[in-house]
Amino acid sequence: MSQDYDLVIIGGGILGTSIAYFLSFLNKTKKIAVIEQAHKVAFHASSRNTGKVHAPYLYNPETKKIFAKTSFHGYEMLETYSKLKNLSFKKDGVLEVSLDENGTKILEKYLKWGKQNGLQDTDIKLIDKNELKKIEPEIKCESALYVYKDASTDYSKLTSMVMNDSVNNGINFMLDTKVTNIKKIDGKWKITLNNNYEIFANFLINAAGGEAIDIAHKTGVAEKLTDVHFRGEYWKTPKEYNNLTKTSVYSVPEYPDYPFLDPHWIIRVDGNCEIGPNALPVFSPYGYNKSENIKQFIPKMLEMLRSGARKTILDKQFQELAINEIRTAMSKSTMINRVKQFLPKINIEKITERGIAGIRSSVINEDGKFVPDVILQEDSMAFHILNYNSPGATGALPFSAYIVNHLSNHGIFQNENLDAQCGPWKFSKIIENITF
Ligand SMILES: Cc1cc2nc3c(=O)[nH]c(=O)nc-3n(C[C@H](O)[C@H](O)[C@H](O)COP(=O)(O)OP(=O)(O)OC[C@H]3O[C@@H](n4cnc5c(N)ncnc54)[C@H](O)[C@@H]3O)c2cc1C
């Protein structure tokens, strides 16, 4: 079996699927496929997340420019698409609370970042504990950022809809299909699938999430970069807690330099509440259970020791944080106590059911430092999206439009009609505001 494609996207998460969506409207004669190893799209990070449509107040406008800008534009696009498809989009806002004066200074910085990233006075407000008590009597804190322009959704359902639209426009989604090898031969990509057969492509987009670094390495790109995987676990809380607060509550992270955000109090789009996620270091982007982690332990450790990650894992502060996270994973009470600091009413005894864990993969550079923003690597035959982390689901639609436009503008992959109507949006209108 041999097939030739103009373009192949590796990865049917929200990012790969959204890229396919825009390509499907702009190109009516090109042959395009998305390859996804799972039996459905959005099976990994794109469904195993907190489900928040994040307002861009946590992101430094200089070092996290792409995440900040795309999440800002993501809100409106997700709202519009959800309305069109009758999907839930709950404008429920979020609170970021500080437990002491130092935390309040950080909230002031977040307020500034939020405004720099485009939020208006009506979208975000710093309030003191007395004002907050009137709105959220159960929360104990020093002060809080009330972010009104934040919402909840179900990214899994949304990605399935985006896939359906793309399929209707002629994109071939190959599910249950794993890319097992890639080679450049005679100006084309020879892509081996399921260790069994090959397809060929003129152009490749790597949107493989937790495997994006491995795919890049297979094509000889980003060899100095590596990644570390963190499992974010959740605990479900009983129904009687569903009205404990009106909004989800996040607290100022203790170590903002590391991706170990403190667990949150989450109200999901269906109204159920959870606590999480923590960030337990694991050895695979699919390390949801012990057997996968044991299998990947030695290869991953060897890879990390050979790369810049060696410096990270030998760093004392990182080790302390990792041990702390291992403790929270082993002990329910350690994790829940973090949230109890600002929501004292929670009774640990009543929390018995685990939620669905998801895995974040963060890229580390050759100096052993976590890279803060998305990394884009391109040449005439491939485009790699690396380090696509939180709030990646929020920004996936505008970011995908940006990528598709960028490929055309740089003569890398020509689209047939850049003025096409893409569902509810005119493509040329979306990309007007998205520059980095
Ligand atoms: C715990 C957690 C909480 C989060 N909370 C939020 C939130 O509230 N809001 C928000 O905006 N973002 C959140 N995020 C981030 C967000 O979920 C991700 O940024 C986003 O889903 C990434 O999408 P993706 O398509 O790049 O990756 P993925 O969803 O991981 O998709 C990549 C796909 O590529 C496939 N793939 C990889 N390698 C191969 C191969 N060799 N062959 C075939 N297929 C392959 C995988 O199977 C996978 O389906 C969270 C993430 C986590 C883990």
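The values are calculated or read from the model by the stated rules, or taken from the named source; none is laboratory data. Just so you know, these numbers come straight off a predicted model, no measurement behind them. Because the Cβ atoms are built from the backbone with ideal geometry, glycine has one as well, and the counts that use them run over all protein chains shown.
Applying the condition of being polar (S, T, N, Q) and buried (at least 20 other Cβ atoms within 10 Å of the Cβ) to region 203-244 and asking which residue is nearest to Gly358 (Cα to Cα) yields Thr237. Glu274 falls short on exactly one of the conditions (1) in contact with a helix residue (DSSP H, G or I) (Cβ under 8 Å, 6 or more places away or on another chain); (2) within 12 Å of the ligand (Cβ to nearest atom); (3) at pLDDT 95 or above; (4) not hydrophobic (A, V, I, L, M, F, W, C), and that condition is (1). Look at (1) closer than 30 Å to Tyr57 by Cβ; (2) touching a residue at least 12 places away in the same chain (Cβ under 8 Å); (3) more than 21 Å from the chain's Cα centre (by Cα) and you find that Asn243 fails only one, number (2). Screening region 120-217 for strands (runs of 3 or more DSSP E) wholly inside it with 1 or more residues that are small (Gly, Ala, Ser) returns the ranges 143-147, 151-153, 197-206. Kindly provide the set of residues from region 126-137 that are without any contact (Cβ under 8 Å) to a residue 24 or more places away in the chain and surrounded by 15 or more Cβ atoms within 10 Å (Cβ to Cβ), ordered by number. Matches in region 126-137: Leu126, Ile127, Lys129.
Restricting region 144-170 to residues that are surrounded by fewer than 22 Cβ atoms within 10 Å (Cβ to Cβ) and away from the ligand (no atom under 16 Å from the Cβ) leaves a set whose member that is farthest from Lys31 (Cα to Cα) is Tyr146. Among the residues of region 261-271, the one identified as at pLDDT below 95 and more than 11 Å from the ligand (Cβ to nearest atom) is Asp262. Count of region 90-105 residues, restricted to those that are surrounded by 15 or more Cβ atoms within 10 Å (Cβ to Cβ) and at negative phi, is 10.
Kindly establish whether Glu101 is at pLDDT below 95 and of a type outside the set (Lys, Arg). Here the answer is yes, as Glu101 does meet what is asked. For region 387-412, which positions are more than 16 Å from Glu432 (Cβ to Cβ), buried (at least 24 other Cβ atoms within 10 Å of the Cβ) and hydrophobic (A, V, I, L, M, F, W, C)? Result: Ala393, Ala396.
The strands (runs of 3 or more DSSP E) found wholly in region 350-421 and carrying at least 1 residues that are more than 13 Å from the ligand (Cβ to nearest atom) and out of contact with any strand residue (DSSP E or B) (no Cβ under 6 Å at 6 or more places or on another chain) occupy 375-378. Of all the residues in region 313-345, those that are modelled with pLDDT of 75 or more and part of a helix (DSSP H, G or I) number 9. Residues in region 33-76 that are crowded, with 23+ Cβ neighbours inside 10 Å and either under 29 Å from Asp4 (Cα atoms) or charged (D, E, K, R) (or both): Val34, Ile35, Glu36, Val41, Ala42, His44, Ser46, Lys52, Lys69. Of the strands (runs of 3 or more DSSP E) contained entirely in region 1-113, those carrying at least 3 residues that are out of contact with any Asp or Glu (no Cβ under 8 Å at 6 or more places or on another chain) and away from the ligand (no atom under 15 Å from the Cβ) fall at 2-10. Residues that are farther than 30 Å from Ile298 by Cα and more than 12 Å from the ligand (Cβ to nearest atom) do occur in region 215-237, at least one of them.
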